[in-house]
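Enquirer: First the structure, which I've put down as structure tokens, then a few questions once you've had a look.
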Amino acid sequence: MRRTVAGFVVWAMAIGAGIAQAQAPSCADLRAQKEKVYGFHLTQLNETQIDAKSKEIDAYWKQLQAAGPEGVSCLKEMLAAEKTDHIFQFDAASFLFQLDKSPESLNLVKDAIVQTDFQETDPANYLSLALDLGQHGVNIQSLAARLLLFPNAIIHISEHSLDLDSDTAALFLYGSMDSAKASKALIAQLQAQEPFVRAAAAHLLAEEMTDEAFRTLSTWGGLADVKEDYRRNDIQAVMKYQAPDPAEFANPKWTREQVLQIIAGLPHTRKEFDDVMSTRGAEFDRQMREKKPTQEELAKAVAESEPIYGIADRTAFQNSAVAALKAGDFDTLREARRRALYNISDEGLSEYLAYTQVMIRLLNRLDLYKDYRAH
């Protein structure tokens, strides 16, 4: 994995918190030191030079932290003025995000990182910060669109040993947005100059499954130009009616009211997830340990059990949702799917995909949006 300097600043903040305010540098000092430390290109440095540069950068951000509120003000001024040093922009934006989450600062962070150079900054750090901004109410359409211009990407999320292509990375951002805004943004990308951007936008638009998405794709003439089988197949899975197999959702285990209640009670933040893990999740694990099931028996128990963390792998619950939910509940599923993308993880992605499959199956069972889908 290519090493990067950008993105280290959260760690630097933590170890630099104890620096005495009496030693605080002036803004002029910080500006002068910034000119000495930054202005490099990571791709032109060898391993030894990267290690040395990392130490310089670490010391610089400790120095800025020591300046207190004046340092934050100076940081905002430097970040707003910087237009060409993309490594400094990303590091400064990451640091500011940790210090100040006012609307003004959050938008400054967004405007800075949209210029990120993925040859200099790990796109995984970009993706994580972009999602965090969205969770704080920032309009991240421009940040999501930036990923569409990064084809053939392999974005490695080391915390979860997860490798994402550019479509899936962009899905985390578009999928976490308000669905109407995401659909509108993706429809605009269907007019992009680059064919790979248009293909990715159509793929992601199909998965939004909004009225506007169905209407647009039903008359879109670009499907034949989509070269990738996985994109084309996913679009057709949404846009083409498939007669359901009634046996898949016969004798549902949960009623409509129970399904909706369970979905409403699922965790949608890291704290909620941890709380559930330490209570209901711990109890389920205890019961399984006492029964000492085989791997096959454990998988069956999970498939038939009530969702605790989410609906992924809960086959009986998914079948109940398809069998019991009504057309008016489709928006509820879409919103639950959106809220599942609260961090960059394989669990979040699994939840999104599980909801997507339930939505497609419900589309077919109720023959929703029939005016726009092929029969």
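Enquirer: Tally up the residues in segment 108-152 that are part of a loop (DSSP other than H, G, I, E, B) and either open to solvent by less than 20 Å² (accessible area, probe 1.4 Å) or farther than 24 Å from Arg198 by Cα (or both), please.
Expert: At the first step, the residues of segment 108-152 found to be part of a loop (DSSP other than H, G, I, E, B) are 114-122, 136-140, 149-152.
Cutting the leftovers down to either open to solvent by less than 20 Å² (accessible area, probe 1.4 Å) or farther than 24 Å from Arg198 by Cα (or both) gives us 116, 118, 120-122, 136-138, 140.
Result for segment 108-152: 9.
Enquirer: Which one of these is within 21 Å of Ala247 (Cα to Cα) and of a type in the set (D, E, K, R): Glu296, Glu290, Glu304?
Expert: Working: Glu296 fails: within 21 Å of Ala247 (Cα to Cα); Glu290 fails: within 21 Å of Ala247 (Cα to Cα).
Sole residue among the options that is within 21 Å of Ala247 (Cα to Cα) and of a type in the set (D, E, K, R): Glu304.
Enquirer: Met288 - would you say it is touching a Leu at 6+ places or on another chain (Cβ under 7 Å) and over 30 Å from Asp371 (Cα atoms)?
Expert: Details: touching a Leu at 6+ places or on another chain (Cβ under 7 Å): yes; over 30 Å from Asp371 (Cα atoms): yes.
In short, yes.
Enquirer: Just name the residue that is most open to solvent (accessible area, probe 1.4 Å) out of those in segment 73-93 that are among the charged types (D, E, K, R) and not in a helix (DSSP H, G or I). Show your work before the answer.
Expert: Taking segment 73-93 first, the residues among the charged types (D, E, K, R) are 76-77, 82-83, 85, 91.
In the following step, the residues that additionally are not in a helix (DSSP H, G or I) were identified as 82-83, 85.
Working: Glu82: 23, Lys83: 120, Asp85: 22 Å².
Residue satisfying both the conditions and the ranking: Lys83.
Enquirer: I would also like to ask the following. Being in contact (Cβ under 8 Å) with a residue 40 or more places away in the chain and under 23 Å from Thr84 (Cβ atoms) is the filter; apply it to segment 128-146 and report the residue that is nearest to the chain's Cα centre (by Cα).
Expert: Among residues in segment 128-146 that are in contact (Cβ under 8 Å) with a residue 40 or more places away in the chain and under 23 Å from Thr84 (Cβ atoms), the one nearest to the chain's Cα centre (by Cα) is Ala130.
Enquirer: Of all residues in segment 286-344 being in contact with a helix residue (DSSP H, G or I) (Cβ under 8 Å, 6 or more places away or on another chain) and of a type in the set (Val, Ile, Thr), which is farthest from Leu204 (Cα to Cα)?
Expert: Only one residue fits best here, namely Ile308.
Enquirer: Same structure again: Being under 23 Å from Met359 (Cα atoms) and polar (S, T, N, Q) is the filter; apply it to segment 283-334 and report the residue that is nearest to the chain's Cα centre (by Cα).
Expert: Ranking the candidates gives Thr332 first.
Enquirer: Further question on the same structure: Leu96: open to solvent by less than 40 Å² (accessible area, probe 1.4 Å) and under 21 Å from Ser128 (Cα atoms), yes or no?
Expert: Values: open to solvent by less than 40 Å² (accessible area, probe 1.4 Å): yes; under 21 Å from Ser128 (Cα atoms): yes.
For Leu96, the condition - open to solvent by less than 40 Å² (accessible area, probe 1.4 Å) and under 21 Å from Ser128 (Cα atoms) - is met.
Enquirer: Do we have Ser166 as under 19 Å from Ser128 (Cβ atoms), polar (S, T, N, Q) and surrounded by fewer than 14 Cβ atoms within 10 Å (Cβ to Cβ) here?
Expert: On the way: under 19 Å from Ser128 (Cβ atoms): yes; polar (S, T, N, Q): yes; surrounded by fewer than 14 Cβ atoms within 10 Å (Cβ to Cβ): no.
No, not satisfied.
Enquirer: Return the total of residues in segment 289-330 being surrounded by 15 or more Cβ atoms within 10 Å (Cβ to Cβ), without any contact (Cβ under 8 Å) to a residue 60 or more places away in the chain and hydroxyl-bearing (Ser, Thr, Tyr).
Expert: Residues that pass the stated criteria total 3.
Enquirer: Among the residues in segment 104-127, are any of a type in the set (Asp, Glu), touching a Ser or Thr at 6+ places or on another chain (Cβ under 8 Å), under 30 Å from Thr168 (Cα atoms) and in contact (Cβ under 8 Å) with a residue 12 or more places away in the chain?
Expert: Going residue by residue through segment 104-127, those that are of a type in the set (Asp, Glu) are 104, 111, 117, 120, 122.
This time we only want the ones that are touching a Ser or Thr at 6+ places or on another chain (Cβ under 8 Å), so: 120, 122.
So of that shortlist, the ones also under 30 Å from Thr168 (Cα atoms) come out as 120, 122.
When the remaining residues are screened for being in contact (Cβ under 8 Å) with a residue 12 or more places away in the chain, the result is 120, 122.
Yes.
Enquirer: Does segment 198-257 hold any residues that are within 29 Å of Phe317 (Cβ to Cβ), among the small types (Gly, Ala, Ser) and buried (at least 17 other Cβ atoms within 10 Å of the Cβ), and which are they?
Expert: Ala206, Ala213
Enquirer: Still on this model: Counting just the residues of segment 30-72 that are exposed (fewer than 14 other Cβ atoms within 10 Å of the Cβ) and polar (S, T, N, Q), which one comes out nearest to Ser102 (Cα to Cα)?
Expert: Only one residue tops the list, namely Thr43.
Enquirer: Among the residues that make up segment 212-223, is at least one of them in contact with a His (Cβ under 8 Å, 6 or more places away or on another chain) and modelled with pLDDT of 95 or more? Steps first, answer last, please.
Expert: Let us first name the residues in segment 212-223 that are in contact with a His (Cβ under 8 Å, 6 or more places away or on another chain), namely none.
Checked against the condition, which is being in contact with a His (Cβ under 8 Å, 6 or more places away or on another chain) and modelled with pLDDT of 95 or more, segment 212-223 yields no hits at all.
Enquirer: Okay, next question. For segment 96-138, give me the residue count where each residue is of a type outside the set (Gly, Ala, Ser) and farther than 19 Å from Ser158 by Cβ. If you could, list the steps in order and put the result at the bottom.
Expert: Of all residues in segment 96-138, those of a type outside the set (Gly, Ala, Ser) come to 96-101, 103-104, 106-111, 113-123, 125-127, 129, 131-133, 135-136, 138.
Pick out the ones that are also farther than 19 Å from Ser158 by Cβ and you get 96-101, 103-104, 106-111, 113-115, 117, 133, 135-136, 138.
Selection size over segment 96-138: 22.
Enquirer: Of the numbered conditions (1) under 15 Å from the mean Cα position of the chain (by Cα); (2) more than 15 Å from Ile344 (Cβ to Cβ); (3) surrounded by fewer than 22 Cβ atoms within 10 Å (Cβ to Cβ), Glu159 fails exactly one; give the number of that condition.
Expert: (2)
The values are calculated or read from the model by the stated rules, or taken from the named source; none is laboratory data. Note that the structure is a prediction, hence the values are computed from the model and not measured. Heads up, the Cβs are rebuilt from the backbone with ideal geometry, glycines too, and the neighbour counts pull from every protein chain shown. Note: areas computed on protein heavy atoms with side chains; ligands, DNA, RNA excluded. Shrake-Rupley method; radii C 1.70, N 1.55, O 1.52, S 1.80 Å.
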